[in-house]
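Enquirer: Have a look at this one.
The values are calculated or read from the model by the stated rules, or taken from the named source; none is laboratory data. Predicted model, so just to flag it, every value in this text is computed and none were measured. For neighbour counting, all protein chains shown are included, and Cβ atoms are generated from backbone atoms with ideal geometry for every residue, glycine included. All accessible areas refer to the heavy atoms of the entire protein, side chains included, with ligands and DNA or RNA removed. Shrake-Rupley method; radii C 1.70, N 1.55, O 1.52, S 1.80 Å.
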Amino acid sequence: MTVKILGVSGSPIKGGNADVFLQEALKAAEAVGDVETEFISLAGMDIRDCIHVNWCLKNQTDTQFCHQEDDMRYIYPKVVEADALFLCTPVYIGRMTGPMANFLDRLRVLVHGNKHGGKLHGKVGAGFAVIWYRYGGMETALLSLLQAFMIFEMLPIGAGMPSLFGGAGVTSQHGTGKFDPSDYHEVLQDAYGIRTARHAAKRAAELCHVLKAGRAAWQPAAKEG
């Protein structure tokens, strides 16, 4: 039974540290077996703010999720189809980036929409983040992702002892701020950080399999009357 995982990078820099860090996580998930992955970078995409006009509460159709016509219309079906979401953000002032925040805000249509509401319920969510130096807000950025998963009634994954709240990588040498200007993917030198990403990804993929098999086997009790 194959599970599908959608990875979304919220970095405004295409092909940067956040992208390659997330791709390492997706490869680890694939190694579990019977896992299909897809990667999306939000860099350069038109992802507008949620303007809370509540159009989605009454007017959704099978093919239109939101009143706004931007690049989210291509992403919504992929989110619905996925068994898990892997979200990766650089840390900006102790939190996620603006593009990632817009993306999460716009998932409101999959929570409250008249046609597509509840589509996030029971999906697995794993958070990943990259940061320039240690103690600069990594955990608060990851917690902001985990909070979104909980609000959406998803099942958030931590990375256990390697990193309690998700995959966490530093993009300078040992997180000190020193760096090699010729190395555009210094996060790949953070062996411990890569370990946390792979560990979280593996746990998420395994949980997806357990949930999918359990749902296939579970027979809800018939209602009386």
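Enquirer: Suppose each label sits 7 Å from its Cα in the direction of the beta carbon; what would the HIS67-LEU164 distance come out to in nanometres?
Expert: It works out to 4.2 nm between the two label points.
Enquirer: Taking only protein heavy atoms into account and a 1.4 Å probe, give the accessible area per residue of the range 48-202 in Å².
Expert: The answer is 49 Å² per residue.
Enquirer: With the chain treated as a Gaussian network of Cα nodes joined by springs under 10 Å, which of PHE65, PHE39, PHE165 yields the largest mean-square fluctuation?
Expert: Per the Cα network of the chain with a 10 Å cutoff, PHE39 tops the list.
Enquirer: Related question: Quick one: which of 116-129, 183-196 comes out on top by average Cβ neighbours within 10 Å, and what's the full order, highest first?
Expert: Ranked by mean Cβ neighbours within 10 Å, highest first: 116-129, 183-196.
Enquirer: Out of ARG198, ARG108, ARG215, any idea which swings most in a Gaussian network model of the chain, alpha carbons joined below 10 Å?
Expert: Taking springs between Cα atoms under 10 Å, the residue moving most is ARG215.
Enquirer: In addition: Restricting the count to DSSP beta bridges whose residues both fall in the chain, what percent are antiparallel, rounded to a multiple of 5? Could you put the intermediate results ahead of the total?
Expert: Numbers: 1 of 27 bridges.
Rounded to the nearest five, the antiparallel share is 5 percent.
Enquirer: Take the residue pairs LYS4/LYS123; LYS27/LYS119; LYS58/LYS78; LYS58/LYS123; LYS58/LYS119 and return only those whose Cα atoms are more than 19 Å apart.
Expert: Exceeds cut-off: LYS27/LYS119; LYS58/LYS78; LYS58/LYS123.
Enquirer: Could you give log10 I(q)/I(0) at q = 0.14, 0.17 Å⁻¹ for the range 20-164, computed by the Debye formula over C-alpha point scatterers of equal weight, without solvent?
Expert: Result of the Debye calculation: -0.69, -1.01.
Enquirer: Then there's this: Sorted by mean Cβ packing within 10 Å, highest first, what order do the peptides 26-34, 82-90 take?
Expert: Working: 26-34: 17.0, 82-90: 26.4.
The densest-packed peptide leads the list: 82-90, 26-34.
Enquirer: What fraction of the DSSP beta bridges in the range 1-127 is antiparallel, stated in percent and rounded to the nearest 5?
Expert: 5
Enquirer: What's the center-to-center distance, using Cα atoms, between the range 90-147 and the range 7-33 in Å?
Expert: Each part's Cα centre sits 15 Å from the other's.
Enquirer: R0 = 25 Å: FRET efficiency of LYS58 with LYS4, Cβ-based, nearest 0.05?
Expert: 0.25
Enquirer: Hey, can you grab everything whose amide H is under 5 Å from the amide H of VAL8? Only 5+ residues off in sequence or another chain; H modelled, so Pro and N-termini drop out.
Expert: Residues meeting the criterion, in which the H sits 1.01 Å from N, are ILE40, PHE86, LEU87, CYS88.
Enquirer: Out of the total accessible area of the range 1-100 (probe 1.4 Å, heavy atoms of protein only), what percent is carbon and sulfur?
Expert: Solvent-exposed carbon and sulfur of the range 1-100 make up 51 percent of the total.
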